[in-house]
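Heads up, the thing below is written out as structure tokens.
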Amino acid sequence: MSTDLGTAEGRETRELIHFVTQQTRFALVNNILQHPEQLPSMYELEELNPSVSDATVYKHIQKLVDAGIVKEVALDDDQRRQGYPWKFYGLTEEGRDFLEEHNLLAAEETLQQIYETISDKPEKMVKYENAPRPDDH
């Protein structure tokens, strides 16, 4: 029987899978995938996770950003409009590749269909959902 736990790379991959699939972080990744533009604002992420505090949502998004799975994208100053979000969160190319490689994107289309059926969105969320997004995300 081998006691070898695999290569360091294999261990890092398992750790990253475990990291990404932690309940709150995986919910946030799914929220990004289900968003019409796959680029929700922090407010939208907070609204989609009512059982988690806003601070916790922010903390986990930052962890995903630090891990290279999620990126923060912002509107240029001249595109920002008062009363609308200007900072959004989406998957990095590497993050999308990682999720795809480990079969964690299988439900992407279903997630988008579920999102479309949410009928009790607050007015502010609908407004934010339709806010301008950066073109080069």
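The values are calculated or read from the model by the stated rules, or taken from the named source; none is laboratory data. It should be emphasised that the depicted structure is a prediction, and the values quoted were computed from it without experimental measurement. All Cβ positions, glycine included, derive from the backbone under ideal geometry; neighbour counts span all protein chains shown. Protein only, heavy atoms only, side chains kept; ligands, DNA and RNA dropped before computing areas. Shrake-Rupley method; radii C 1.70, N 1.55, O 1.52, S 1.80 Å.
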Taking the condition open to solvent by 30 Å² or more (accessible area, probe 1.4 Å), at negative phi, part of a helix (DSSP H, G or I) and touching a residue at least 12 places away in the same chain (Cβ under 8 Å), does Leu16 pass?
-> yes
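What number of residues within region 104-126 are assigned to a helix (DSSP H, G or I), surrounded by 14 or more Cβ atoms within 10 Å (Cβ to Cβ) and of a type in the set (A, V, I, L, M)?
Qualifying residue count, region 104-126: 2.
Quick check on Ile61: is it surrounded by 13 or more Cβ atoms within 10 Å (Cβ to Cβ) and over 25 Å from Pro122 (Cβ atoms)?
Details: surrounded by 13 or more Cβ atoms within 10 Å (Cβ to Cβ): yes; over 25 Å from Pro122 (Cβ atoms): no.
Judged against the criteria, Ile61 is not a match.
State the number of residues belonging to region 52-83 that are hydroxyl-bearing (Ser, Thr, Tyr) and at pLDDT below 95. Spell out how you get there, then give the answer.
Of region 52-83, the ones hydroxyl-bearing (Ser, Thr, Tyr) are 53, 56, 58.
Next cut, at pLDDT below 95 only: none.
Result for region 52-83: 0.
If the requirement is being assigned to a strand (DSSP E or B) and either touching a residue at least 40 places away in the same chain (Cβ under 8 Å) or surrounded by fewer than 12 Cβ atoms within 10 Å (Cβ to Cβ) (or both), which of these qualifies: Tyr89, Tyr84?
Tyr89
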Sole residue being open to solvent by 30 Å² or more (accessible area, probe 1.4 Å) and in contact with a Pro (Cβ under 7 Å, 6 or more places away or on another chain), chosen from Glu47, Glu72, Glu37 = Glu47
